[in-house]
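Here is the structure we will look at.
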Amino acid sequence: MMTATPIPRSSIATARLRLRPTSAADAERAFEIQNDWTVTRMLSNAAYPPHQKDVEDWFSDHAHEWADGTAYRFAIEQGERMIGVVDVDGIAGGAGSLGYWLERPAWGKGYAFEAAQALVSFAFHEIGLSSLESGHASDNPASGRVLTKLGFTPIGNRELVSKARRETIVQCCYLLRR
Ligand SMILES: CC(C)(COP(=O)(O)OP(=O)(O)OC[C@H]1O[C@@H](n2cnc3c(N)ncnc32)[C@H](O)[C@@H]1OP(=O)(O)O)[C@@H](O)C(=O)NCCC(=O)NCCS
């Protein structure tokens, strides 16, 4: 999908973080973060252990996705350190999907909420989406808390196959309208 006016690849500053459009060079750090089972087991479509080439290929595609208007992905930086990723992907028909993941040492400080809040604003005001969906594994209440604090409404559960866990899990689904 081409947006009418391309969105500049600019960083977003929050109170404590910088959200910087991802580049191929972020693959190595992301690979390190996804090597932690406690992180990757919660992601719906990531392999564990992660495959370096797959992570590199994924990051190499981010600039094209941005240019096509299908996904906008940001490295979350705290000081000089990349601590995770927050993104809106699957963009079609005015809707998109919000995702986020942080390295374990960065958990419990409100960073996911802070980064995701900025992305929600970006999604509605810069991309111009009218709705966002998201979801979390039923055993990931911290992510559910992030979503409800952002104003997302639970819309039901569904089963999906977790690539990392190699089993069917229950995903709790959410929706937020602009
Ligand atoms: C889920 C994740 C993003 C949360 O990041 P975070 O920066 O720790 O989240 P925040 O600090 O912004 O908010 C977490 C909220 O969950 C709450 N929480 C934490 N653990 C909880 C638990 N076991 N049960 C209920 N609530 C919990 C916190 O108290 C906080 O709520 P509060 O602000 O009302 O106190 C992070 O744990 C992570 O990256 N996990 C691995 C990847 C992942 O799960 N990504 C999301 C996939 S859906």
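Just checking, how many residues over the stretch 109-144 are within 12 Å of the ligand (Cβ to nearest atom) and aromatic (Phe, Trp, Tyr)? Total meeting the criteria: 2.
Out of curiosity, is residue 135 outside any helix (DSSP H, G or I), under 16 Å from the mean Cα position of the chain (by Cα) and free of Cβ contacts under 8 Å to residues at least 60 places away in the same chain?
No, not satisfied.
Given the criteria exposed (fewer than 13 other Cβ atoms within 10 Å of the Cβ), of a type in the set (A, V, I, L, M, F, W, C) and closer than 25 Å to residue 137 by Cα, does residue 46 qualify? Judged against the criteria, residue 46 is not a match. Of the residues examined, residue 122 is not one that is surrounded by 14 or more Cβ atoms within 10 Å (Cβ to Cβ), outside any strand (DSSP E or B), modelled with pLDDT of 95 or more and touching a Lys or Arg at 6+ places or on another chain (Cβ under 8 Å).
When we screen 167, 133, 159 for residues that are under 19 Å from residue 71 (Cα atoms) and surrounded by fewer than 18 Cβ atoms within 10 Å (Cβ to Cβ), the only hit is 133. The set of residues from the stretch 59-72 being farther than 21 Å from residue 135 by Cα, surrounded by 14 or more Cβ atoms within 10 Å (Cβ to Cβ) and among the hydrophobic types (A, V, I, L, M, F, W, C) comprises 59, 63, 66.
With 60, 97 as the choices, which residue is free of Cβ contacts under 8 Å to residues at least 40 places away in the same chain and within 22 Å of residue 171 (Cβ to Cβ)? Just one listed residue meets the conditions, 97. Would you point out the residue of the stretch 49-66, among those that are hydrophobic (A, V, I, L, M, F, W, C) and more than 29 Å from residue 139 (Cβ to Cβ), that is farthest from the ligand (Cβ to nearest atom)? Restricting to residues being hydrophobic (A, V, I, L, M, F, W, C) and more than 29 Å from residue 139 (Cβ to Cβ), the top hit is 63.
Do you know which residues across the stretch 79-108 are more than 8 Å from the ligand (Cβ to nearest atom) and in contact with a Phe, Trp or Tyr (Cβ under 9 Å, 6 or more places away or on another chain)? The answer is 83, 85, 86, 87, 88, 89, 91, 96, 98.
The values are calculated or read from the model by the stated rules, or taken from the named source; none is laboratory data. Keep in mind that what you see is a predicted model, and the values were worked out from it rather than measured. Virtual Cβ from ideal backbone geometry, glycine too; neighbours counted across all protein chains shown.
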